[in-house]
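What follows is a single structure, written as structure tokens, with notes after it.
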Amino acid sequence: MDAEEARTIVVAGVPDDALDRGRMADKLVIHFQRARSGGGDVAAIRYPTAFKGVAFITFEEQRDADRVLQMTQTLQDPELLEEYPLTVYPFSQDVFCYARAEVDLSLFGDGGNVLRGLRSTRRPVRVTVAPPHRWALVEGPFTAVRELREELSKLAGREGRQQPLRLGAEGPAKSPTKQVPGAGAGECSVWLDSNVFRYVQHYHKEDLDRISREYFVERTTEVQGELTCITLTESARGPSQLRRAHLELQELLADLQRPLRTQIIQYGGGGRG
């Protein structure tokens, strides 16, 4: 993780339709610069993003980002008709593989306890309940949603019940079986949206080939529904620099996906309220 990512948080639950986008971005900055939010000077905000109700906020200091993550966040403002609970978690490249899933609470003996457990843990997902409180919507980075599905499946299995979580339109058709990035020795993987991969493969294949050639790594791809996994492995052609190849691949994909982050507002500092 680079210095900017360490100072950046993901904010989910932003009410997209409450105000115009520019005004909402200003409200978010004001909120996270207030002492009661635990925040500090905001360097930049990315809002709206490619994901509904999600903003990326970068602080001037990492300690402010760390402090915000430890506090309960509720967006309040005289221009808003109600209070909006916000879910915050650390930024990572996983957020660009954003998934939504539904949890069938009726499959558990005490759905209320399951729901409270989901909300009480510091996992990087947002949980909301749809009336009549039978289904819970979970959204966040795909890897976090996948881990949650595995936990819930084990719990449902102990109770002799069926799969309690189903992925929505923004998730993959099935759970990928490969390891998460960097998990295997001599192997690194990156997950990205399959549509993005097709674009990169068509228009920037020479960049992918250059990374493989310069760092002596082999590249394989596996499409699993709406997600694609690019895997780099050490090559016998020369002295492999797997970590550097992995970092450059991540930077390339981040640069190519940056146009999806539709508005970035830079802030030159400001006091805490």
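The values are calculated or read from the model by the stated rules, or taken from the named source; none is laboratory data. This is a predicted model, so every value here is computed, not measured. Cβ atoms come from the backbone with ideal geometry, glycine included; neighbour counts cover every protein chain shown. Side chains are part of the model used for accessible areas, which takes the heavy atoms of the whole protein and leaves out ligands, DNA and RNA. Shrake-Rupley method; radii C 1.70, N 1.55, O 1.52, S 1.80 Å.
Derived scalar couplings between HN and Hα for the range 10-24 equal 9, 10, 10, x, 5, x, 4, 9, 6, 9, 5, 5, x, 5, 5 Hz in order, rounded to whole Hz, by the Karplus curve 6.51 cos²θ - 1.76 cosθ + 1.60 (θ = phi - 60°), x for Gly and Pro. Each residue was assigned an accessible area with a 1.4 Å probe, and for Arg237 the value is about 130 Å². Amide H contacts under 5 Å for Thr74: Leu86, restricted to partners 5 or more places along the chain or on a different chain, H placed in the peptide plane at 1.01 Å from N. Listed peptides 47-53, 250-256 appear in the order 47-53, 250-256 once ranked by packing, highest mean of other Cβ atoms within 10 Å at the front. In order along the range 79-91, the Karplus-derived 3J(HN,Hα) couplings, from 6.51 cos²θ - 1.76 cosθ + 1.60 at θ = phi - 60°, round to 7, 9, 6, 8, 8, 10, x, 10, 9, 10, 7, x, 6 Hz, and Gly and Pro are given as x. For Ala99, nonlocal amide neighbours, meaning residues 5 or more places apart or on other chains whose placed amide H falls under 5 Å from its own, are Gly140, Phe142. Annotation: amide H-H contacts under 5 Å for Ala44 (H modelled 1.01 Å from N, sequence separation of 5 or more, or interchain): Thr58, Tyr267.
Accessible-area rank, largest first, for Arg146, Arg67: Arg67, Arg146, with all protein chains present and a 1.4 angstrom probe. A probe of 1.4 angstrom, applied to the heavy atoms of all protein chains, finds His202 with accessible area near 140 square angstrom. Taking label points 7 Å from Cα along the Cα-to-Cβ direction, Gln241 and Asp209 give a separation of 2.1 nm. Taken one residue at a time, the phi angles of the range 248-256 give Karplus couplings (6.51, -1.76, 1.60, θ = phi - 60°) of 5, 4, 4, 5, 4, 5, 5, 5, 6 Hz. Gly and Pro are set to x.
Stick to the Cα atoms of the range 24-78, pair each with every other, and give me the Kirkwood hydrodynamic radius in Å at one decimal. Evaluated on the range 24-78, it is 11.4 Å.
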